[in-house]
């Protein structure tokens, strides 16, 4: 029986943000943290929908909670927010702390198949399966897991889009700020996939690339993407949102199904995210509260 | 001629947050940073009012800008936000980096008179005099310095209240989150005043204690204070907002002049601040835009 340990709690916008830790089976028995915001209307008799936020490279479960400006609008809308970490911590694998864009803080939201990483680097299972199970099993956290949506930033935008498109309707909607949208074709993605996956890029194409996934998708989707034109990583070709947009249109999704907004002058920072935070909460509320 | 050097700029809520540095005369020639948010309506022909935010112990010019949730409401209201640092950096004084509540990150918004600190620890002059002069002298930053207000958190709440009450109508209004309200009677204040001031507590009473100042004040004032009942430092007696409130009422200020709100269950964190951030911006807008 997995036990959730409460690390801290802060009242915020009349709700409560709580940090938990637990021993994660998906991450090979390592201790994993997450933050959970419950809006004030959540109660044993009122389960609330949940929106999962996946952070970007170098981040933890704290960045979105502290800097995202999500808690105010989520409180107003009556939506819980779940903030997982971005990678396992302390696996002790040689070299995992050398680079900021691979290893610790850079789990890339996949399940590793390379023998060196396969025991610990399983953020895909951690987020899609383990966290809902563990939180539900705690018995006293009033979330309605039939109403989940997912969003994220940069590497976390990649995670949100690919989890949304690769799971069978587990999430009602997905959105992303400056997502790594076509990682098989960018340096960050290529480095991650060749490092974490035994089958490398070819293995990634089938499940971990949002552009590849949308090009094969036929189901109804609800996707919102924002990126900034002054984003250094966009300009470097790490994000490639146009590739995702083109693949979506080629799959006959219109702008009410897949909306990609170019935001003039905005960069990759949480200042960009906070500017459009309430838009994203309201987008997901359409589906979480439908 | 002091030159402002632009360190970084981020578009945010249609305005821009810019970090500057310059060689500060008030701080003994050390390099000083500040962040400045200009709302989208600011332009060479439209100078905007400015609200100065003073952060708490251990903080820098970044904490309020990144975690305060102030930029959205300030953008909507057309108010600039100025975020100074909390102390000089790198003065090289023996022992200044030993404690978190004294020295670096803990300038206490005063002008030191103890010979050991007097050359550098002059945050009072830095904020009330130097920053307006240096920003005005830059010539291209459209702020109307006849419309200033000030607010802050914890040690910065102390700074905001004392600068408001000790200057001659330099600021139109003051507000504070969990301010150190009567520092001559709390451990943080006593440590700071006996360390920085040759005259110690007695010297501090005349100018650096909000409760002492309000008890002698006869002018009209516009003050808002919020504190949380779950605030550890409140419970430890570091904040003493009741002393400030009592002194204000004894000076015949009513709740439309000095309002002190006890917020049930909130703590000392930026989660507390962000919850009431828009209240404080709207409070100051009443006077800055009058």
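The values are calculated or read from the model by the stated rules, or taken from the named source; none is laboratory data. Note that this is a predicted model, so its numbers are computed, not measured. Neighbour counts are summed over all protein chains in view; Cβ atoms, including those assigned to glycine, are modelled from backbone coordinates with ideal geometry.
A few points about this structure:
- Which numbered condition residue B:145 fails, given (1) under 30 Å from residue A:65 (Cα atoms); (2) touching a strand residue (DSSP E or B) at 6+ places or on another chain (Cβ under 9 Å); (3) surrounded by fewer than 24 Cβ atoms within 10 Å (Cβ to Cβ): (1)
- Within segment A:271-290, the set of residues being surrounded by 23 or more Cβ atoms within 10 Å (Cβ to Cβ), touching a strand residue (DSSP E or B) at 6+ places or on another chain (Cβ under 8 Å) and at the interface with another protein chain (Cβ under 10 Å from one of its Cβ atoms) comprises A:271, A:272, A:273, A:275.
- Taking the conditions (1) surrounded by 15 or more Cβ atoms within 10 Å (Cβ to Cβ); (2) without any contact (Cβ under 8 Å) to a residue 40 or more places away in the chain in turn, residue A:29 satisfies each one other than (1).
- Here residue B:150 clears all of (1) within 20 Å of residue B:206 (Cβ to Cβ); (2) part of a loop (DSSP other than H, G, I, E, B); (3) in contact (Cβ under 8 Å) with a residue 12 or more places away in the chain except the condition numbered (2).
- The number of residues in segment A:71-90 being in contact with a strand residue (DSSP E or B) (Cβ under 6 Å, 6 or more places away or on another chain), within 21 Å of residue A:147 (Cβ to Cβ) and either away from chain B (no Cβ under 14 Å) or in a loop (DSSP other than H, G, I, E, B) (or both) comes to 5.
- Total residues in segment A:1-19, condition in contact (Cβ under 8 Å) with a residue 24 or more places away in the chain, in contact with a strand residue (DSSP E or B) (Cβ under 6 Å, 6 or more places away or on another chain) and assigned to a strand (DSSP E or B): 4
- Filtering segment B:37-58 to residues that are in contact with a helix residue (DSSP H, G or I) (Cβ under 7 Å, 6 or more places away or on another chain), touching a residue at least 60 places away in the same chain (Cβ under 8 Å) and part of a strand (DSSP E or B) leaves B:49, B:51, B:52, B:53, B:54.
Results for (1) under 19 Å from residue B:23 (Cβ atoms); (2) in contact with a helix residue (DSSP H, G or I) (Cβ under 8 Å, 6 or more places away or on another chain); (3) modelled with pLDDT of 95 or more, shown as yes or no for each residue.
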site	(1), (2), (3)
B:102	no, yes, yes
B:106	no, yes, yes
B:114	no, yes, yes
B:119	yes, no, yes
B:136	yes, no, yes
B:141	yes, yes, yes
B:150	no, yes, yes
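- The number of residues in segment B:36-49 being within 15 Å of residue B:83 (Cα to Cα) and within 14 Å of chain A (Cβ to nearest Cβ) comes to 4.
Each row is one residue, and each column tells you yes or no for (1) more than 14 Å from chain B (Cβ to nearest Cβ); (2) surrounded by fewer than 24 Cβ atoms within 10 Å (Cβ to Cβ); (3) free of Cβ contacts under 8 Å to residues at least 12 places away in the same chain; (4) assigned to a strand (DSSP E or B).
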{"residue": "A:92", "(1), (2), (3), (4)": "yes, yes, yes, no"}
{"residue": "A:100", "(1), (2), (3), (4)": "yes, yes, no, no"}
{"residue": "A:108", "(1), (2), (3), (4)": "yes, no, no, no"}
{"residue": "A:113", "(1), (2), (3), (4)": "yes, yes, no, no"}
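- Screening residue B:198 on (1) in contact (Cβ under 8 Å) with a residue 40 or more places away in the chain; (2) in contact with a helix residue (DSSP H, G or I) (Cβ under 8 Å, 6 or more places away or on another chain) shows it passes everything except condition (2).
- When residues of segment B:239-253 are limited to those that are more than 20 Å from residue B:149 (Cα to Cα) and in a loop (DSSP other than H, G, I, E, B), the one farthest from the other protein chains (Cβ to nearest Cβ): B:252
- Apart from one condition, residue A:33 fits all of (1) assigned to a strand (DSSP E or B); (2) farther than 16 Å from residue A:12 by Cβ; (3) within 14 Å of chain B (Cβ to nearest Cβ); the exception is (3).
- Restricting attention to segment B:259-270 and to residues that are more than 8 Å from chain A (Cβ to nearest Cβ) and free of Cβ contacts under 8 Å to residues at least 60 places away in the same chain, the residue that is surrounded by the most Cβ atoms within 10 Å (Cβ to Cβ) turns out to be B:260.
- Scanning segment B:4-20 for residues that are surrounded by 17 or more Cβ atoms within 10 Å (Cβ to Cβ) and away from chain A (no Cβ under 14 Å) gives B:4, B:20.
- Unmet requirement for residue B:176, which otherwise passes all of (1) part of a helix (DSSP H, G or I); (2) more than 14 Å from every other protein chain (Cβ to nearest Cβ); (3) under 30 Å from residue B:69 (Cα atoms): (1)
- On inspection, residue B:220 fails the criterion of being over 27 Å from residue B:287 (Cβ atoms), modelled with pLDDT of 95 or more and out of contact with any strand residue (DSSP E or B) (no Cβ under 7 Å at 6 or more places or on another chain).
- In segment B:180-238, residue surrounded by the fewest Cβ atoms within 10 Å (Cβ to Cβ) [restricted to those that are within 14 Å of chain A (Cβ to nearest Cβ) and part of a loop (DSSP other than H, G, I, E, B)]: B:229
- Any chance residue A:37 is within 22 Å of residue B:272 (Cα to Cα) and surrounded by 21 or more Cβ atoms within 10 Å (Cβ to Cβ): yes
- If the condition is being in a loop (DSSP other than H, G, I, E, B) and over 15 Å from residue A:34 (Cα atoms), then segment A:126-147 contributes A:139, A:140, A:142.
- Applying the set (1) more than 29 Å from residue A:184 (Cβ to Cβ); (2) in contact (Cβ under 8 Å) with a residue 12 or more places away in the chain; (3) part of a helix (DSSP H, G or I) to residue A:66 leaves exactly one unmet item: (2).
- Taking the numbered list (1) surrounded by fewer than 17 Cβ atoms within 10 Å (Cβ to Cβ); (2) out of contact with any strand residue (DSSP E or B) (no Cβ under 6 Å at 6 or more places or on another chain); (3) touching a residue at least 24 places away in the same chain (Cβ under 8 Å) in turn, residue A:256 passes all entries but (3).
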